[in-house]
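Heads up: the structure comes next, in structure tokens.
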């Protein structure tokens, strides 16, 4: 029997959790947004569960409905990961870094320094960023998609080249001979393209894993091509097994087109969790967390099901007539699941509490339901794993780690311990140093 | 009697020390360049001495004589300070951030996040950077000095405005009412100039000190003007009391011209130390550290003194004829001091070991000599304090903290403890939030 190889990462956002109401729960410290102690504690909880990595997405700079909700992201993903690197020993550390709004040389030095600091646990989620509000923070309009992806292709190659600008054996620091490094094994990169350029070399020696692992998030044709060339892990979004399977196949094809083995790219899908001892307790927890959104979401649920729903009757299930008339909207991939939940006879409030309208599939129930979902998707070839967004970090990570992980381990789906000490070890990502592809 | 108010910062560079030979000393771990543990330990030693701040200069990207010497800077100054923030509780955390090679929005978010993380201990040494080799890392030529300073003036104002884009009372995180922040007290900055622009707002609330303290390093007329407007502390270089006094007066005048009180800008001069029980031991330590450089430096010493010196006779002092013929070079402000040392009868080797050719005045001797130097400069009105570069961090910081600091405290020159908890508290820098000046 081969080693269990489901990949699991933990999403760490603003310090509260993936649900907008998380910061208001009485057992949550409302200052977690600014607390690096909290963020380190959350990562330690994920590491206790032997999760492959924590993943910190970044805007950069979207503020949102600040009157009622916390911003979604960390104060600074790199400084947060620096704190996490100091407070953990094994778990991978992955952050989003925009290729559009950063200089490649600055990305190269900061991710490589994190890689050194964490003894080979860093990953870079290289994305192009979107949003005119984000671009405006940099005093500009958002470049077109071809421009952004054109720059991203160049930037990633430049960063990888800078990472590899010291030969792997270059740093000798031999006190006796006085040779600090082999100067001949440290070379400028002298790369320039249409969008970015750098001379180098970088001044940072190899880490325990050589250099960081590349991640990518995005589903457009441009994203497919970029991920196919460079990414070892794709941070994905899919609401059904069929959709996930198709996306995974597309990324594997893209890797093959780029001359790589399809197994070199792993597709992990988002999963949101509200874990409690039983379904009712989990639903009540999620009602407390999300009730404020129910008026808006009920209006949207109407569109998903194609029937009128009465906001004054949240306690009632859909009537037999409503159920008979309901048709899942072809415009929202979550609609069929929402109708299935409605058919089980739950009240409108409980249908919404099942998380039928959220950014990812949602498990609201006991740990075994999450494990079942993950097993089914994994064994269907729909995913290589998951990135998990708990509702509330302060206790939702523990609920996942203490409830779901042991079931997955018992079923032989998830490793009992880390395979090694670096993120490449954890993920089985091949060794790489310098640019992995011909420049093009 | 007023509070003693000499300001002292500790220079933390590459993990070894300010002398190129530091990494080779048998009691130094030659892997310190890549060791964040070492850097945290060094900062903790400085904090034990109640020093106001650690200062981490940055290139960014100069590699140097890598065959024989370590690069001068940290792998990444922000990630290093993040580690130091997690490992210390009081000492200020100051790093160089280039206004030329960073986006203002990225500078704003990262320094403000450090300020939050350290509970109000961050300082930004805002400099324009120089060197074609550095610019080449960013794929460009170095902009002209007027362009670089033009951008710096705008960038600092933009960063300060972004720092203050949340009202000081804006972050309420009131779980009962559900108000996360006062939306009306969070406003975009909408600033744009000739070189940089940003809409904002930043998404980060105030820190315990409101926002970071601005430092500047540089001595040109452009630097004077920039520091006069924005800097609370100037990281200076001066070889004589007269020169330091003139520089300090010029910075105070520049502050006054910018409409500030002259006391709002503090001039701290560099000081390098090799502290040992007696002068002979200190000289021997420095010989071990720097002997490799002596052939080059002897050739340079000839020019400083205007006499021929024989590299085969390093054990000999200057002859009476040589001493009579020697004239301090007017082109090097260190020459008069070098001649004074020569007149004391030291051998050529020991003259060089006194550090007569280095980046700052050098103390090679017992702790009391450093204290005397600092007292004399301070009481002459030449400086508001010092930034100290020990020869070797692993034991040179301890030698300074355990030897020099108690003498300064006994003499009433240096505080017995931190005045408060933030860098502004330590330095007596006035409260500030948002932009401190009219935009111009």
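The values are calculated or read from the model by the stated rules, or taken from the named source; none is laboratory data. Keep in mind that this is a model prediction, so the values were computed, not measured. With ideal geometry, Cβ positions are generated from the backbone for all residues, glycine too; neighbour counts draw on all protein chains shown.
In the set (1) touching a helix residue (DSSP H, G or I) at 6+ places or on another chain (Cβ under 8 Å); (2) assigned to a helix (DSSP H, G or I); (3) more than 30 Å from residue A:37 (Cβ to Cβ), residue A:135 fails one condition alone, (1). Given the options B:331, B:349, B:308, name the one that is in a helix (DSSP H, G or I) and in contact with a helix residue (DSSP H, G or I) (Cβ under 9 Å, 6 or more places away or on another chain). Every option except B:349 fails the conditions. Once region A:209-224 is narrowed to residues that are assigned to a helix (DSSP H, G or I) and touching a helix residue (DSSP H, G or I) at 6+ places or on another chain (Cβ under 6 Å), the residue that is nearest to residue A:386 (Cα to Cα) is A:224.
Here's the yes/no breakdown for (1) at pLDDT below 95; (2) under 19 Å from the mean Cα position of the chain (by Cα):
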{"residue": "B:372", "(1), (2)": "no, no"}
{"residue": "B:380", "(1), (2)": "no, no"}
{"residue": "B:383", "(1), (2)": "no, yes"}
{"residue": "B:388", "(1), (2)": "no, yes"}
{"residue": "B:408", "(1), (2)": "no, no"}
{"residue": "B:411", "(1), (2)": "no, no"}
{"residue": "B:424", "(1), (2)": "no, yes"}
{"residue": "B:427", "(1), (2)": "no, yes"}
{"residue": "B:436", "(1), (2)": "yes, no"}
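Selection of region A:188-202 for residues being within 29 Å of the chain's Cα centre (by Cα) and assigned to a loop (DSSP other than H, G, I, E, B) yields A:195, A:196, A:202. Considering region A:19-40, the residues that are within 7 Å of another protein chain (Cβ to nearest Cβ) and in contact (Cβ under 8 Å) with a residue 24 or more places away in the chain include one that is surrounded by the most Cβ atoms within 10 Å (Cβ to Cβ), namely A:36.
For region B:165-198, what are the residues that are out of contact with any strand residue (DSSP E or B) (no Cβ under 8 Å at 6 or more places or on another chain), more than 9 Å from chain A (Cβ to nearest Cβ) and more than 23 Å from residue A:132 (Cβ to Cβ)? Those that are out of contact with any strand residue (DSSP E or B) (no Cβ under 8 Å at 6 or more places or on another chain), more than 9 Å from chain A (Cβ to nearest Cβ) and more than 23 Å from residue A:132 (Cβ to Cβ): B:169, B:177. Looking only at region B:301-326, residues that are surrounded by 13 or more Cβ atoms within 10 Å (Cβ to Cβ) and free of Cβ contacts under 8 Å to residues at least 24 places away in the same chain come to 7 in all.
Looking only at region B:352-382, which residues are in a loop (DSSP other than H, G, I, E, B), surrounded by fewer than 16 Cβ atoms within 10 Å (Cβ to Cβ) and in contact with a helix residue (DSSP H, G or I) (Cβ under 8 Å, 6 or more places away or on another chain)? Walk me through how you get there before you give the answer.
Restricting attention to region B:352-382, the residues satisfying the condition of being in a loop (DSSP other than H, G, I, E, B) are B:354-361, B:366, B:380-382.
If we keep only those that are surrounded by fewer than 16 Cβ atoms within 10 Å (Cβ to Cβ) as well, we get B:359, B:380-381.
Result: B:380, B:381.
With respect to residue A:298, is the statement that it is within 21 Å of residue A:283 (Cβ to Cβ), more than 30 Å from the chain's Cα centre (by Cα), surrounded by 17 or more Cβ atoms within 10 Å (Cβ to Cβ) and assigned by TED's automatic domain parsing to the domain that holds residue A:284 true?
Working: within 21 Å of residue A:283 (Cβ to Cβ): yes; more than 30 Å from the chain's Cα centre (by Cα): no; surrounded by 17 or more Cβ atoms within 10 Å (Cβ to Cβ): yes; assigned by TED's automatic domain parsing to the domain that holds residue A:284: yes.
Taking the combined requirement at face value, the residue does not satisfy it.
If the requirement is being more than 29 Å from the chain's Cα centre (by Cα) and closer than 21 Å to residue A:24 by Cβ, which of these qualifies: A:348, A:314? None of the others qualify; the one that does is A:314. Answer with yes or no whether residue B:258 is closer than 28 Å to residue B:122 by Cα, surrounded by fewer than 21 Cβ atoms within 10 Å (Cβ to Cβ) and free of Cβ contacts under 8 Å to residues at least 12 places away in the same chain. For residue B:258, the condition - closer than 28 Å to residue B:122 by Cα, surrounded by fewer than 21 Cβ atoms within 10 Å (Cβ to Cβ) and free of Cβ contacts under 8 Å to residues at least 12 places away in the same chain - is not met.
Confirm whether residue A:248 is in contact (Cβ under 8 Å) with a residue 40 or more places away in the chain, under 30 Å from residue A:318 (Cβ atoms) and touching a strand residue (DSSP E or B) at 6+ places or on another chain (Cβ under 9 Å).
Numbers: in contact (Cβ under 8 Å) with a residue 40 or more places away in the chain: yes; under 30 Å from residue A:318 (Cβ atoms): no; touching a strand residue (DSSP E or B) at 6+ places or on another chain (Cβ under 9 Å): yes.
In short, no.
Taking every residue in region A:192-205 that is in the same structural domain as residue A:99 (by TED's automatic domain parsing) and under 16 Å from residue B:71 (Cβ atoms) and pairing it with any residue that is surrounded by fewer than 19 Cβ atoms within 10 Å (Cβ to Cβ) and modelled with pLDDT under 95, at least 6 positions away or on another chain, the pairs with Cβ-Cβ distances below 7 Å are A:199/A:188; A:199/A:190; A:200/A:188; A:201/A:187; A:201/A:188. Looking across region A:64-79 at every residue that is closer than 30 Å to residue B:176 by Cβ, buried (at least 24 other Cβ atoms within 10 Å of the Cβ) and touching a strand residue (DSSP E or B) at 6+ places or on another chain (Cβ under 6 Å), the one that is nearest to the other protein chains (Cβ to nearest Cβ) is identified as A:70.
When you check residue B:56 against the structure, is it without any contact (Cβ under 8 Å) to a residue 60 or more places away in the chain and buried (at least 20 other Cβ atoms within 10 Å of the Cβ), yes or no? Walk me through how you get there before you give the answer.
Numbers: without any contact (Cβ under 8 Å) to a residue 60 or more places away in the chain: yes; buried (at least 20 other Cβ atoms within 10 Å of the Cβ): yes.
It is true that residue B:56 is without any contact (Cβ under 8 Å) to a residue 60 or more places away in the chain and buried (at least 20 other Cβ atoms within 10 Å of the Cβ).
Answer yes or no as to whether residue A:93 is outside any loop (DSSP other than H, G, I, E, B), more than 10 Å from chain B (Cβ to nearest Cβ) and touching a residue at least 40 places away in the same chain (Cβ under 8 Å). If you could, list the steps in order and put the result at the bottom.
Details: outside any loop (DSSP other than H, G, I, E, B): yes; more than 10 Å from chain B (Cβ to nearest Cβ): yes; touching a residue at least 40 places away in the same chain (Cβ under 8 Å): yes.
Here the answer is yes, as residue A:93 does meet what is asked.
At the interface with chain A (Cβ under 8 Å from one of its Cβ atoms), in a helix (DSSP H, G or I), crowded, with 16+ Cβ neighbours inside 10 Å and on the phi < 0 side of the Ramachandran plot: which single residue out of B:158, B:114 fits that description? Before you say what the answer is, go through the steps one by one.
Numbers: B:158 fails: at the interface with chain A (Cβ under 8 Å from one of its Cβ atoms).
None of the other options fit; the residue is B:114.
Does residue B:202 qualify as being more than 14 Å from chain A (Cβ to nearest Cβ), buried (at least 17 other Cβ atoms within 10 Å of the Cβ) and either touching a helix residue (DSSP H, G or I) at 6+ places or on another chain (Cβ under 8 Å) or modelled with pLDDT of 95 or more (or both)? So residue B:202 does not fit the description; no. Scanning region A:335-346 for residues that are touching a helix residue (DSSP H, G or I) at 6+ places or on another chain (Cβ under 7 Å) and either under 16 Å from residue A:286 (Cβ atoms) or modelled with pLDDT under 95 (or both) turns up A:338, A:341.
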